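Engineer: Submitted below is the structure of interest, expressed as structure tokens.
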Amino acid sequence: MLTPREILKSVFGYDSFRRGQEEIIREISSRRDVLGIMPTGAGKSICYQVPAIMNRGLTVVLSPLISLMKDQVDALKQNGVRAESINSSIEWEDALSIMRRARAGDISLLYAAPERLDGAGFLKALESLDISMVVVDEAHCVSQWGHDFRPSYLSIAPAISSLTRRPVVAAFTATATPEVRDDVIKQLALENPFVLTTGFDRENLFFQVERPEKKMDYLLNYVKKFPDMSGIVYCSTRKSVESVCQELLVNSANAVRYHAGLSDAERRRNQESFIYDRAGVMVATNAFGMGIDKSNVRYVIHYNMPGSIDSYYQEAGRAGRDGSPADCILLFGRSDIATAKFLISKGEDRDSVKAAYRKLRAMIDYCNSGGCLRSRILSYFGERAPSSECASCGNCSAVFERMDITVEAQKILSCVYRMAEKTGGLKFGAATISDVLRGSARESRRRSRIEELGLNGISTWGIMKDRSQSAVMDMIDFLAAENLIEVDEEYGSISFTERSMPFLKNRTRLMMRRHAEEHEESVREPRADALSEGRFWEARTEKRRHPRRERERLGEGGSPDMFEELRRLRREIASAAGVPPYVVFSDKTLLAMCEELPSCDEELLSIPGVGRAKLEKYGERFLSAIAHLTRHGTSGAD
Ligand code: ADP
């Protein structure tokens, strides 16, 4: 019998296991229940597919979405594994024939939706099968504490216990707080499970926050730079999906749109175009993405800031599932805050509205942060980053300008303190605080309030006269991101945190950073205050410490033309087989081919992602394309 590692190589074409996979496979093989909590793209499927192939009996995989099932089954079949799925989209006779084959021991993995368990027929059919393992995908759906509760998941445990021989149960999810984790164990009645959490970090994702003067220009530039890459652009409203998609189309980008206002037919059509690589860019609201398993999404750009880091990470996490480098870029503008607040204010339940404002604040702080974006996200999820500088986020790799704002920060904090002192503890928003600091209030309502409360007579009135309104506001944002002040996002009011007084007393040095490129841009196209502000920033910039080598390989380095040609071949094969291109080979596999230039079966087998079945099916075509391209360059390729 083959070992797990041998199956990994011969069936899936991979040389080594990823973090956690081997342990889970070992535990399953010793017939112990498992719960694997691993982020998207970590490789949960391999954890149960390898033992399923090794097992003699049948593995039943309960998975919530038909699209996910279809993808998994297509991918397994491509690798020569006997897998099928039973769901509402297949004909009755086909279902019967699948069950017949399952009884005859002709199927290794059978995928089904948990809703099937609600009917007596399917349960009865299961009893007649030799089931050695039940896998529960997206296991958090069993918990009412989780965010995607599905009542049918509650039928899983009784169904398992009704089987004559209890199979081993393996549950997987990408998200589980301790509360949800305990609930999953309880609701699925896992027996002394081996619980493995690999953490949230996705090393291949490059996180970045940009504040472009014109978001559309930034987006067009980016999409033009990587015209052949698959990417998602998320917008916060249907209206902006429409205008962004339109603008991309006008500029010859191959874009499609998706939001809840479109007909089902158009949504389905556009989703398919994107998944089958006919359209390069998907412009969508957050209605798009659930159940999308497309592994070769090379970038996710948020045109607007989402309402929480939870949503952001989930949406951005749709990039780079294949493990190749991918970009997650958030285009931040102040007006995004107002839109996010508007969306929250429509909520009815007071407690959840309060919680939503807190989450929004964490999101804004992420955008304003000058530190490592990856560690910011991980610490939000209660995890420690591998190091304080990740080398692959916009803040850890950018050229920065620095400004010592120790004195300014003290002025701002003192002003917050004096304003509260003068008014018997009232709190104010950033705009009013900035007016007092600058000793001028342009807006008449704020001016009369300031005068009414006597704030124009306090000692901090006008102590930052020489600064522009936006510069002061930027500093206030930065102080919030550094947790030196707290902003109540619902009312916008600012107060002290536990760090504020010690900072005022100890006069700790505080450096604010900003991307140098942004500064150059603002000099070319001056905002009202950009030039006068320029003098405060140190001319000396921090060095770019970590060039984005890996990422650039995809679009610019390596052999982009050959990559393109191989993608074309992949698209052709996929369309003939009626499967999405990434199911044939992942981008990562094609890139490895471009680098290694395999010239025989053996060399092709050494490429990650090429197993025996795919070698037999496609080996010849890819080898001859590579040989042709190497000999004649790309122009003559067929
Ligand atoms: P998840 O379900 O955790 O989101 P998948 O199981 O879809 O992730 O795996 C994501 C990608 O990683 C797939 O393309 C898969 O083939 C690939 N993968 C999984 N395990 C390995 C491995 N050991 N080596 C290389 N690639 C792997």
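The values are calculated or read from the model by the stated rules, or taken from the named source; none is laboratory data. Owing to the predicted nature of the structure, the values given are computational and were not obtained by experimental measurement. Backbone-built Cβ (ideal geometry, glycine too); neighbour counts: all protein chains shown. These accessible areas exclude ligands, DNA and RNA; they are computed on the full protein's heavy atoms, side chains included. Shrake-Rupley method; radii C 1.70, N 1.55, O 1.52, S 1.80 Å.
Engineer: Just the residues that are within 13 Å of the ligand (Cβ to nearest atom) and either among the polar types (S, T, N, Q) or part of a loop (DSSP other than H, G, I, E, B) (or both), please, taken from the range 10-22.
Structural biologist: As a first pass, look at the range 10-22 and keep what is within 13 Å of the ligand (Cβ to nearest atom): 11-22.
Across the range 10-22, the qualifying residues are 13, 14, 15, 16, 17, 18, 19, 20, 21.
Engineer: Taking the range 85-100 as the region of interest, how many residues are over 29 Å from the mean Cα position of the chain (by Cα) and in a strand (DSSP E or B)?
Structural biologist: Adding up the residues that qualify gives 1.
Engineer: Could you tell me whether the range 418-430 includes any residue that is open to solvent by 20 Å² or more (accessible area, probe 1.4 Å), over 20 Å from the mean Cα position of the chain (by Cα), under 30 Å from residue 237 (Cα atoms) and modelled with pLDDT of 90 or more? I'd like the intermediate steps shown before the answer.
Structural biologist: Taking the range 418-430 first, the residues open to solvent by 20 Å² or more (accessible area, probe 1.4 Å) are 418, 420-427, 429-430.
From what is left, the residues that are over 20 Å from the mean Cα position of the chain (by Cα) are 418, 420-427, 429-430.
If we keep only those that are under 30 Å from residue 237 (Cα atoms) as well, we get 429-430.
Subsequent filtering for residues that are modelled with pLDDT of 90 or more retains 429-430.
Looking through the range 418-430, at least one residue is open to solvent by 20 Å² or more (accessible area, probe 1.4 Å), over 20 Å from the mean Cα position of the chain (by Cα), under 30 Å from residue 237 (Cα atoms) and modelled with pLDDT of 90 or more.
Engineer: Of 352, 308, 324, which residue is of a type in the set (S, T, N, Q), more than 30 Å from residue 472 (Cα to Cα) and under 20 Å from the mean Cα position of the chain (by Cα)?
Structural biologist: Numbers: 352 fails: under 20 Å from the mean Cα position of the chain (by Cα); 308 fails: more than 30 Å from residue 472 (Cα to Cα).
Sole residue among the options that is of a type in the set (S, T, N, Q), more than 30 Å from residue 472 (Cα to Cα) and under 20 Å from the mean Cα position of the chain (by Cα): 324.
The rows are residues; the columns are (1) open to solvent by less than 10 Å² (accessible area, probe 1.4 Å); (2) assigned by TED's automatic domain parsing to the domain that holds residue 98; (3) touching a residue at least 12 places away in the same chain (Cβ under 8 Å).
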residue	(1), (2), (3)
9	no, yes, yes
27	no, yes, yes
33	yes, yes, yes
40	no, yes, yes
43	no, yes, yes
50	yes, yes, yes
77	no, yes, no
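Engineer: List the residue pairs whose Cβ atoms are under 7 Å apart, where the first residue sits in the range 100-124 and is farther than 15 Å from residue 154 by Cα, the second is at pLDDT 95 or above and assigned to a loop (DSSP other than H, G, I, E, B), and the two are 6 or more positions apart or on different chains.
Structural biologist: Here the result reads 101/107; 106/82; 107/82; 108/81; 108/82; 109/81, each pair linking the range 100-124 to a residue that is at pLDDT 95 or above and assigned to a loop (DSSP other than H, G, I, E, B).
Engineer: Related question: If you go through the range 29-40, how many residues are away from the ligand (no atom under 11 Å from the Cβ) and not acidic (Asp, Glu)? I'd like the intermediate steps shown before the answer.
Structural biologist: If we filter the range 29-40 for residues that are away from the ligand (no atom under 11 Å from the Cβ), which is where we start, we get 29-35.
Among the residues that remain, those that are also not acidic (Asp, Glu) are: 29-32, 34-35.
Looking only at that region, the number is 6.
Engineer: Residues of the range 395-425 being part of a loop (DSSP other than H, G, I, E, B) and without any contact (Cβ under 8 Å) to a residue 40 or more places away in the chain, which ones? Walk me through it before giving the result.
Structural biologist: Taking the range 395-425 and keeping what is part of a loop (DSSP other than H, G, I, E, B), we get 398-399, 405, 423-425.
The answer is 423, 424, 425.
So that you can scan it fast, the table gives a plain yes or no per residue for (1) in a helix (DSSP H, G or I); (2) crowded, with 18+ Cβ neighbours inside 10 Å; (3) at pLDDT 90 or above:
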site	(1), (2), (3)
461	no, yes, yes
464	no, yes, yes
471	yes, yes, no
479	yes, yes, yes
490	no, no, no
494	no, yes, yes
502	yes, no, yes
508	no, no, no
526	no, no, no
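Listed here are the residues, each with its yes/no results for (1) part of a loop (DSSP other than H, G, I, E, B); (2) within 13 Å of the ligand (Cβ to nearest atom).
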position	(1), (2)
5	no, yes
8	no, yes
24	no, yes
27	no, no
42	yes, yes
47	no, yes
53	no, no
61	no, yes
69	no, yes
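Engineer: For the condition of a type outside the set (A, V, I, L, M, F, W, C) and under 11 Å from residue 280 (Cα atoms), what is the one hit in 263, 230, 243, 236?
Structural biologist: On the way: 263 fails: under 11 Å from residue 280 (Cα atoms); 243 fails: under 11 Å from residue 280 (Cα atoms); 236 fails: under 11 Å from residue 280 (Cα atoms).
One residue alone meets the criteria, 230.
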